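Below: one structure, written as structure tokens.
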Ligand code: FES
Ligand code: FES
């Protein structure tokens, strides 16, 4: 039996029967016939419909809120403001996607003294119909005193900038600043003598980059239904990446014991990191309590999703790298200013570790700044922070390689990390597949084919992501007919029911069809961390592996008792069990094993050797010289999956991550006016890629087994979104000769850069010199 | 003022009391409680709410319920045969792993059906243009496009024109 910290054996060399096949997912039928229930599909008898009043202003003091007229409207059953939430202590806890003060979490749910971004919630209503709830919102009077808005990291850190969070003093490398500012924290990792490293370089490239705020863009808006019973027992239906995270956030904010809260997961229509933070759930609970314990349903509009949830941080980035004549890096330096939004917690910490992660370099310094601005509180988004910094690093690496006349993949191979090399935070890598990915990309027909056509360019980039393990628990019951009921509580956001059930089937020696996976509520199994950090197929899959081992051991013991022989005398044979004289198939063994007593096993795990993920990508683009529009002509992604449990869903993750990266690179951005009002809060104007904007996305799965998992699995969900912006920027450079310094590389920006070059001035999107 | 609106839904007659402001999407989801038709944006930009109205693909969030008087609607719940046998597109989406979270899937299925009803043997480019009204944030569209092309090829033997 393996322990949770290290596997007893790595089975990756063993041929596997189930892992690596492509069965239809167990929840497939319900998702193609419309019967699967997502967040907004929960319709309880007698449910009230809620709405949230949101600030039209990006920064204002709330002088007074008058809800009396709304409360008096016939059909309105409850109106709440920040006063209806328990006063929050300034206590730092792990909550949702970050460790932060409870005060900030509460204040993001309903603004108390100030509104800090357009869309910040200030009140909520529950009524007998949605139309009445909407009418009630219009009756709530809020008296605002407008304050100056601060929209970018640069403006927020300028001397004399308006203070957004009163009293916020930065934590700078462990020390608290004496003076308040809009800087929440500053973190540095370093090794070696930086300036000496740059002096050894033949070429030094020093560039600045800007990336705009983008949203996760899941198609299902946030939605919830909650009931708070008079005795304080709470039931919540949530579309979330983690029901236990919802439970602990609500318990902390509303000061309810964990065991009094039951969170029931619905199907989830995408999350990408954005469905970890709670926005609606605590409000629905408080509304239900105030409305006499009737169920309350809250559903966001698309505009609310864009103004008030997510997004990920915009950033200002400086990348400086040097290489010697042989193409070896001598020094690397990054300064990252990430816009956290209205509360601390941008992904700049993760970005520091992503920054130069693919590169072995003895001399390195990475500085990260978490900056408060009047934008929505940023949330995790697929490989949080990675795409921003990799856009800069991969552009600079491309310039270095070109300056030294080295092929861009060759340059990356020469400097690529392998087992034992250090990450930017000075932790060593275990066995990783970075070089294998680069070599696989070099070998693709795509990379070897000549680039043809006018205005076309080809770019490559790579990326690394640490992945995660986290806590999982699961139970499994053996049924007397040999089928197995598997109970987990990890949100299935893209096929993980299948990949987890497959690992149980593999471990137990049965077929995939014999395992019925079910995702339970918070009362059904113990804690499961969120589906995020590329952890679920890895860690909950590990739990499933252990369940299989435990069931097999228990079956063997019971067969031994029935056959009156020792357990050691029983061996496994083509799924069944055998001793010297007798053999039974799995179903018969199950019948015997369950004859006198039910057979159920449970497992809890927290595997630590999760194994970093790597991806290398190649893109061909065509740039329209008249409009600046960039078309993706061909795209290839190579990614190390460790072992692909269900290759179709691994490819799906790769293709989906690339598609999001392409959107980030080419079109997506939050556009604000000078008052901090979002100008493109709809899917018409917040332009995500459609089927027309993409070609087929060619995938190559590399399998460098992760020594930290029984089947060699690595997480595959995130690293794929890191390289696209850099790869596309490099392709645009080859097509036009222009280095783009800002995302998105949208038609206006590219056209402006093209025209500026023609006119001999600097375009708004072109790179600035460091 | 509510009025009774009568229409055919997935082959069966329906009569629903509607307010003039209510959309077809709202009626389907909240009154008839067929929640397979999804709301992703409510302003015609995501296609999650797509249904067929007299065989024509529409965004049900942009149609008022009172407009469907006397007309015929097909939703995702009406795609499979009455005995539960999946429509070839539904089966192809499963076989090709053309869904991850699945919330966009009903809309894509209706769009793809409307395409193949009109043009049984489309090219990849035609499929992509036709599906451009449906947003999927999970898949990158690759497997969706392959699933649709696969159904077209297995039901229409002649080769597509490029
Ligand atoms: S909900 Fe109708 S198009 Fe998005
Ligand atoms: S599968 Fe999630 S949006 Fe398409």
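The values are calculated or read from the model by the stated rules, or taken from the named source; none is laboratory data. This structure is a prediction, so every number in the text was calculated from the model and none was measured. Using ideal geometry, Cβ is built from the backbone for each residue, glycine included, and neighbour counts are taken over all protein chains shown.
Laid out as a table, the results:
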| read-out | value |
| --- | --- |
| Unmet requirement for residue B:97, which otherwise passes all of (1) within 15 Å of ligand 2 (Cβ to nearest atom); (2) on the phi < 0 side of the Ramachandran plot; (3) touching a helix residue (DSSP H, G or I) at 6+ places or on another chain (Cβ under 6 Å); (4) in contact (Cβ under 8 Å) with a residue 24 or more places away in the chain | (2) |
| Residue match in the range B:133-153 (condition: free of Cβ contacts under 8 Å to residues at least 24 places away in the same chain, away from ligand 2 (no atom under 13 Å from the Cβ) and outside the structural domain of residue B:54 (by TED's automatic domain parsing)) | no |
| Residues of the range A:491-521 that turn out to be away from ligand 2 (no atom under 16 Å from the Cβ), part of a loop (DSSP other than H, G, I, E, B) and within 14 Å of chain B (Cβ to nearest Cβ), as a count | 0 |
| Checklist (1) in contact (Cβ under 8 Å) with a residue 24 or more places away in the chain; (2) under 22 Å from the mean Cα position of the chain (by Cα) applied to residue A:731, failing item | (2) |
| Subset of the range B:107-142 that is more than 24 Å from residue B:74 (Cα to Cα) and buried (at least 20 other Cβ atoms within 10 Å of the Cβ) - its residue that is farthest from ligand 1 (Cβ to nearest atom) | B:142 |
| Residues of the range A:289-321 classified as away from ligand 1 (no atom under 16 Å from the Cβ), over 21 Å from the mean Cα position of the chain (by Cα) and under 27 Å from residue A:219 (Cα atoms), total | 4 |
| Residue check, residue A:531 buried (at least 24 other Cβ atoms within 10 Å of the Cβ) and under 17 Å from residue A:603 (Cα atoms) | no |
| Residue within the range A:232-255 that is away from ligand 1 (no atom under 16 Å from the Cβ) and more than 29 Å from the chain's Cα centre (by Cα) present | yes |
| Tally, over the range A:540-575, of residues that are modelled with pLDDT of 95 or more and closer than 23 Å to residue A:499 by Cα | 14 |
| Extreme residue, surrounded by the fewest Cβ atoms within 10 Å (Cβ to Cβ), among residues of the range B:31-50 that are without any contact (Cβ under 8 Å) to a residue 60 or more places away in the chain, under 16 Å from residue B:76 (Cα atoms) and more than 10 Å from ligand 1 (Cβ to nearest atom) | B:33 |
| Qualifying positions in the range A:573-604 - part of a strand (DSSP E or B) and surrounded by fewer than 24 Cβ atoms within 10 Å (Cβ to Cβ) | A:573, A:576, A:578, A:583, A:584, A:599, A:600, A:601, A:602, A:603, A:604 |
| Failed item in (1) crowded, with 22+ Cβ neighbours inside 10 Å; (2) away from chain B (no Cβ under 14 Å); (3) touching a helix residue (DSSP H, G or I) at 6+ places or on another chain (Cβ under 8 Å); (4) in contact (Cβ under 8 Å) with a residue 40 or more places away in the chain, with residue A:203 passing the rest | (1) |
| The range A:679-700 - residue that is under 18 Å from residue A:383 (Cβ atoms) and in contact with a strand residue (DSSP E or B) (Cβ under 9 Å, 6 or more places away or on another chain) and, of those, nearest to the other protein chains (Cβ to nearest Cβ) | A:697 |
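Matching residues to (1) over 24 Å from residue B:105 (Cα atoms); (2) buried (at least 24 other Cβ atoms within 10 Å of the Cβ); (3) more than 16 Å from ligand 1 (Cβ to nearest atom):
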{"site": "A:475", "(1), (2), (3)": "yes, no, yes"}
{"site": "A:485", "(1), (2), (3)": "yes, no, yes"}
{"site": "A:490", "(1), (2), (3)": "no, yes, yes"}
{"site": "A:508", "(1), (2), (3)": "yes, yes, yes"}
{"site": "A:517", "(1), (2), (3)": "no, yes, yes"}
{"site": "A:525", "(1), (2), (3)": "yes, no, yes"}
{"site": "A:535", "(1), (2), (3)": "yes, yes, yes"}
